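The values are calculated or read from the model by the stated rules, or taken from the named source; none is laboratory data. All values derive from a computational prediction rather than experimental measurement. Note: ideal-geometry Cβ built from the backbone for every residue, glycine included; neighbour counts use all protein chains shown. These accessible areas exclude ligands, DNA and RNA; they are computed on the full protein's heavy atoms, side chains included. Shrake-Rupley method; radii C 1.70, N 1.55, O 1.52, S 1.80 Å.
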Amino acid sequence: RKRKRKMAAVLPGPTDQDRLRQLSVRTYKQQAIWFLNSFWEEFAKDEAERIWGYANKAGELDLQKGKEGNELDEMMAHRFLEVHHETMTVRELREQLYSIIGERPKYISLSHFLVVHYKINYGILVNASQGSNKEEVEEAQRKLDAVQSALRESEARAQEAAAALKESKAREAEAKAREAEAVASEAEAKKREAAALASEKEAKEREAEAKAREAEAKEREAEARAAQDELEAALAELKAQEDAYNNKKADLERKSEEGGVVSRNKAKAELAQHLAEDPL
């Protein structure tokens, strides 16, 4: 499908340091989207789930602003690094930032962490044109959230079903033990046998219920995996469209530099029209 190309978003500021400061005041989600858009083709599409995880965890650790926050204080930044098994300390992170951007920020934004963690050129980050992948990135985030939520729910239900099945088997074993004990005394055996049969019946009902819940959990897990497959197919289609766009661009650029004047001018016109179109 073709859409009108949106005007590219740019960060204000006369220097890259100023533009990084402007990026760092945006919410964790907005910083993640900017980073994904900036390096989508290089590596970010393969790191999308991890980067969203960083953004979500930063929002959870931000006790003042939550998901609407943009940076973490010393204690929460330390906790963030600890949760993600980072070997560097907050002080070491600041020193690396100083060697990269010439500053040791008091508060650590998501962009600060991503610059150091992925060892990227922050000048490319703050000057990257935005807009071409924004909708696809947000759609991928929505689908990923839905898949992860469904997987968590299915795992929880599976654990509940397993616990219920274990409990039902324990109750059934207990009922059989009581039944065996009842045989020891004929007078009391009938009384205990009745109790054991009732307990066994209850255990079987619980086991049947547990099996039904386990079947439901497996069905939800299958739905979640189907959603995951759909997401992967959508990403593959997006990649194919981008490849087709880039191949045509490269072909027109080559033609605009080869052949006669007429053919080159025609190729340049077609190239300009092609570049004005949204690749997706």
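One table, with the values for the structure above:
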read-out	value
Environment charge at Ser263 (Cβ cut-off 15 Å; Lys +1, Arg +1, Asp -1, Glu -1)	0
In order through segment 206-212: 3J(HN,Hα) via Karplus (6.51 cos²θ - 1.76 cosθ + 1.60), integer Hz, x for Gly, Pro	5, 5, 4, 5, 5, 5, 5
FRET efficiency, Lys218 to His84 (Cβ-Cβ, R0 22 Å, nearest 0.05)	0.10
In sequence order, calculated HN-Hα J values of segment 68-83 (Karplus, 6.51, -1.76, 1.60; Hz; x Gly/Pro)	7, x, 9, 8, 10, 7, 4, 5, 6, 5, 4, 5, 4, 5, 5, 4
Separation between Cα centres of segment 91-121 and segment 244-280, rounded to whole Å	40
Structure-based [θ]222 nm, the chain - -39500 (n - 2.57) summed over DSSP H runs of at least 4, per residue, nearest 500	-25500 deg cm²/dmol
Net length gained if the chain between Arg50 and Glu174 were fully extended (0.36 nm per residue, minus Cα distance)	39.9 nm
For Glu103, distant residues with modelled amide H under 5 Å away	Tyr98
For the chain, the longest site-free run once trypsin sites (Lys or Arg not before Pro) in DSSP loop states with at most 15 other Cβ atoms within 10 Å are removed	120-280
Accessible area in square angstrom per residue, the chain, 1.4 angstrom probe	62
For a label point 7 Å along the Cα-to-beta-carbon line of Gln64, residues of segment 84-124 with backbone N under 13 Å	106-109
Table column - 3J(HN,Hα) (Hz), segment 220-237, Karplus curve with 6.51, -1.76, 1.60, x for Gly and Pro	5, 5, 5, 5, 5, 5, 5, 5, 4, 4, 5, 4, 5, 5, 5, 5, 5, 5
Potential lengthening between Gln22 and Ala163 on full extension [0.36 nm per residue; Cα-Cα distance subtracted]	45.7 nm
Amide H contacts of Gly259 (H built 1.01 Å from N, under 5 Å, at least 5 apart or other chain)	none
Sulfur and carbon atoms: percent of accessible area, the chain [1.4 Å]	51
DSSP loop GluC sites (Glu not before Pro) with at most 16 other Cβ within 10 Å: longest gap in the chain	104-256
Convex hull volume per residue for the chain, taking Cα atoms only, in Å³	193
Amide proton proximity set for Ser109, modelled H, under 5 Å, gap of 5+	Leu72
Hydrodynamic radius of segment 193-280 per Kirkwood, over alpha carbon pairs, in Å	18.5
Cross-link pairs beyond the 23 Å C-alpha cut-off, checked among Lys67/Lys106; Lys29/Lys119; Lys57/Lys119; Lys166/Lys191	Lys166/Lys191
Extended-chain gain in nm, criterion 0.36 nm per residue less alpha-carbon gap, Lys248 and Tyr118	43.7 nm
Compactness relative to 2.2 N^0.38 Å, alpha carbon Rg of segment 23-129	0.98
Hydrodynamic radius by Kirkwood, which averages 1/r over all alpha carbon pairs of segment 58-121, in angstrom	11.8
